[in-house]
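The values are calculated or read from the model by the stated rules, or taken from the named source; none is laboratory data. This one's a predicted model, so the numbers in the text were calculated from it and none came from an experiment. Positions of Cβ are backbone-derived with ideal geometry, glycine not excepted, and every protein chain shown enters the neighbour counts. Surface accessibility is based on the protein's heavy atoms, side chains included, excluding ligands, DNA and RNA. Shrake-Rupley method; radii C 1.70, N 1.55, O 1.52, S 1.80 Å.
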Amino acid sequence: MGRKLRLAAAITIAVAAGIYINNTSLLAPYQNGKPVLLAHRGKAQRFDERDLKNDTCTAARMLPPTHDYLENTLRSMRASFEAGADVVELDVHPTTDGEFAVFHDWTVDCRTDGRGVTREQSMAKLKMLDIGYGYTADGGETFPFRGKAVGMMPTLSEVFATFPDKKLLINVKSRDAGEGEKLAAVLNALPAARRRTIMVYGGDEPIDTIRRLAPDVRTISRAAIRSCLIRYIGYGWTGLTPSACNNAMVLVPINVAPWLWGWPDRFLNRMTGANSAVFVLGPYSGGEFSTGIDTPDAFARLPQGYSGGIWTNEIEAIAKIAGKGKD
């Protein structure tokens, strides 16, 4: 009996040692370099993030502005790249005249002087709007950007033309598979090398369509990221990478990261081997929204020497901490 117990214990120790060696980041090749910084919506006005809902008008709860940049504009994107961003995130909607408008909200009511669903309008009409019209930090007493942003809503083609060699993340705002077909056609018209610098995320249906029609574009959807992370936590110790993690943008909340086998370097190496890019978010606690790595305290939660991706709403501050910003 004692011999059997000793044998079982030896097997258990051997298996545990094998799992440890296969997953410890201490023995993984170190990805030297500075982190890859992603500027969410470019350089944007911040707002009170408490109790947000899908239809919350964030422009009406803007924090006192410290700059005059507006999200999803060419000027904002340029400033983000100049500040140290490697990737800029932008939001798109199809228009009735065959374009893709770069704009966050489902309707134009909150931020602009227009009315109606964004995708139910022509780009020609959207180009006439003042996209700074609705921003206020004092409950509507003053509107500091009114009249200063007329005609500043860009098209996706204008973004491509302005930043021909920059990395971009496109957010599809709908659950419409047809929108995925339209965007895939736009992406497939680009050179293959350009497509590889673009990532797309959003609703399950359009992302599934883009993944099928433009397979060399990295994508992620809510269902895909959940499948990727849960399955990796379940059996990533084997070294196998779930199919949902392949050719993807892998979004990792900072409070989930320690549960990932081989975090950080072995995990990063495995995702690189799957042709995927990893970006760490702020902590996730359920619901529809997650924060970015936006403060020194949040940045300090990253492993020392971390060289993966960072998603941030404060590109200037985080770029300086990461050693990539201007002095």
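Condition test on Asn255, is it part of a loop (DSSP other than H, G, I, E, B), open to solvent by 40 Å² or more (accessible area, probe 1.4 Å) and within 21 Å of Ile170 (Cα to Cα)? No: the conditions fail for Asn255. Give the stretch 68-78 a look and list any residue that's open to solvent by less than 10 Å² (accessible area, probe 1.4 Å) and assigned to a helix (DSSP H, G or I), or say none. If the condition is that a residue be open to solvent by less than 10 Å² (accessible area, probe 1.4 Å) and assigned to a helix (DSSP H, G or I), then Ser76, Met77 are the ones that fit. Within the stretch 79-106, restricting attention to residues that are buried (at least 19 other Cβ atoms within 10 Å of the Cβ) and free of Cβ contacts under 8 Å to residues at least 60 places away in the same chain, the residue that is nearest to Ser122 (Cα to Cα) is Thr95. All of (1) out of contact with any Pro (no Cβ under 9 Å at 6 or more places or on another chain); (2) farther than 22 Å from Leu52 by Cβ; (3) not charged (D, E, K, R) hold for Pro264 with one exception: (1). Looking across the stretch 49-67, not a single residue is open to solvent by 70 Å² or more (accessible area, probe 1.4 Å) and assigned to a helix (DSSP H, G or I).
So for the stretch 135-145 (the condition being in contact with a Leu (Cβ under 8 Å, 6 or more places away or on another chain) and either closer than 26 Å to Gly309 by Cα or open to solvent by 20 Å² or more (accessible area, probe 1.4 Å) (or both)), does at least one residue qualify? Within the stretch 135-145, one or more residues are in contact with a Leu (Cβ under 8 Å, 6 or more places away or on another chain) and either closer than 26 Å to Gly309 by Cα or open to solvent by 20 Å² or more (accessible area, probe 1.4 Å) (or both).
Filtering Thr56, Thr73 for residues that are touching a residue at least 40 places away in the same chain (Cβ under 8 Å) and among the hydroxyl-bearing types (Ser, Thr, Tyr) leaves a single hit, Thr73.
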